[in-house]
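To keep things clear, I will list the structure first and then write my remarks on it.
The values are calculated or read from the model by the stated rules, or taken from the named source; none is laboratory data. Not measured: the values here are computed from a predicted model. Neighbour counts run over all protein chains shown; Cβ positions are idealised from the backbone, glycine included. Keep in mind that these areas ignore ligands, DNA and RNA; they rest on the heavy atoms of the full protein, side chains included. Shrake-Rupley method; radii C 1.70, N 1.55, O 1.52, S 1.80 Å.
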Amino acid sequence: MIRRSLLAMAAALLAAPALAQTAAPGPTLAAVRSKGTVDCGAHPGAPGFGAPDSRGIHQGLDSDTCRAIAAAVLGDGSRVRFLVSSSAARLAMLQSGQIDVLPRTTTWTQTRDTANGLNFTAVTFYDGQGFLVRRSAGVTRASQLDGASICVTSGTTNELNLADWARSNRISFRPVVFEQNEETRIAYEAGRCDAYSTDASQLAGHRSTMPRPEDHVVLPDIISKEPLAPAVRQGDDQWFDIVRWTIFALIEAEEYGVTQANVDEMLRSERPEVRRLLGVSGDHGGFMGLDRRWAYNAIKAVGNYGEIFDRHLGRGSPIGLQRGLNDLWTRGGLMYAPPIR
């Protein structure tokens, strides 16, 4: 009797992967396939992360993350729709179902992750809040901003971090608050405040678009942890897995040298990890209700994580950020993807 029970249990365990490979589409995946697009929350203007170019096409790390998800799900990275929102309204747009995923310079925090009906998927950029000041002011450290007016955007972690930093360091300041990042930037440029505070990467991006970037400097002080990660609604584990593992696939592709240019050639690779990543062996897409070439399609559409970073934020961009924490774990960074197997 015991032997028969053990044999039945073994048979069930062996059958589990086969059942998983035929996963039916959950509510979000079904809705995305029905309408034929992935709807993504978008920033009105964050250079390097998400901003319309001269043709009105959204460009940036967040924008390409959305395209990678569309390619993984629909086989076409262009089947996206970007819905612009303010910082204050972005979470509500996701909660209400107006968008499918929120890859919009959104910091992963405990409250957002637990009290808003949302799940954060995987970090796409490790950042921290900083300060932008005019070089002519002679300010070299944030501690010299005592009594200064500081521009900041409402509905962001930046507003809260600024208050915490000032309290902890016994610094007084006058907040000049705006609803949109673009309004905040314009106010700083117009001289309505002494400093502008937001994520350091965004400050570098905004500085690069100013008429005289050399007249402004990003201070070396970082006053917070800002792990930026796309968020989805709670209650749909399949869609959570799709978004998270698409990001991991882009990171793993960089680690194994799979690029947008060589991804077709890499289909002939003998390396087991690459074969699983590209769907040559196994059917890991099926576990999520996707085609076995889900990761291949994502890489083909936008390239690997390093290519996306360099194109919008790194050496191939006007911003010129160093990889730093956003480099691969094999090069001293924090970008580390669990194995696809």
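Got at least one residue in the range 50-59 being under 20 Å from Ala229 (Cβ atoms), in contact with a helix residue (DSSP H, G or I) (Cβ under 7 Å, 6 or more places away or on another chain), outside any loop (DSSP other than H, G, I, E, B) and aliphatic (A, V, I, L, M)?
no
Can you go through Gly286, Gly306, Gly320 and tell me which one is farther than 21 Å from Gly77 by Cα, out of contact with any Phe, Trp or Tyr (no Cβ under 6 Å at 6 or more places or on another chain) and surrounded by fewer than 23 Cβ atoms within 10 Å (Cβ to Cβ)?
After ruling out the rest, the residue left standing is Gly320.
Could we say that Gly282 is closer than 30 Å to Leu203 by Cβ, modelled with pLDDT under 95 and in a loop (DSSP other than H, G, I, E, B) here?
Criteria not met by Gly282.
Any idea which of Arg141, Arg104 is surrounded by 18 or more Cβ atoms within 10 Å (Cβ to Cβ), under 20 Å from Ala200 (Cβ atoms) and among the basic types (Lys, Arg)?
Arg104
Name the residues in the range 65-88 that are farther than 12 Å from Thr37 by Cβ and free of Cβ contacts under 8 Å to residues at least 60 places away in the same chain, would you?
Val84, Ser85
Would you be able to say whether some residue in the range 121-131 is over 30 Å from Phe240 (Cβ atoms), in contact (Cβ under 8 Å) with a residue 24 or more places away in the chain and either in contact with a strand residue (DSSP E or B) (Cβ under 9 Å, 6 or more places away or on another chain) or assigned to a helix (DSSP H, G or I) (or both)?
Within the range 121-131, one or more residues are over 30 Å from Phe240 (Cβ atoms), in contact (Cβ under 8 Å) with a residue 24 or more places away in the chain and either in contact with a strand residue (DSSP E or B) (Cβ under 9 Å, 6 or more places away or on another chain) or assigned to a helix (DSSP H, G or I) (or both).
From the list Asp236, Asp241, pick out the single residue that is closer than 24 Å to Leu118 by Cβ, open to solvent by 40 Å² or more (accessible area, probe 1.4 Å) and not polar (S, T, N, Q). Spell out the reasoning first.
Values: Asp236 fails: open to solvent by 40 Å² or more (accessible area, probe 1.4 Å).
Matching residue, one of Asp236, Asp241: Asp241.
From the list Thr37, Thr28, Thr65, which one is within 24 Å of Ala200 (Cβ to Cβ) and either open to solvent by less than 40 Å² (accessible area, probe 1.4 Å) or in contact with a Gly (Cβ under 7 Å, 6 or more places away or on another chain) (or both)?
Answer to the check: Thr65.
Could you list all residues from the range 64-94 that are assigned to a helix (DSSP H, G or I), among the small types (Gly, Ala, Ser) and under 16 Å from Ile299 (Cβ atoms)?
Of the range 64-94, the ones assigned to a helix (DSSP H, G or I) are 64-74, 90-94.
Narrowing the set further to residues that are among the small types (Gly, Ala, Ser) leaves 68, 70-72, 92.
Selection gives Ala68, Ala70, Ala71, Ala72.
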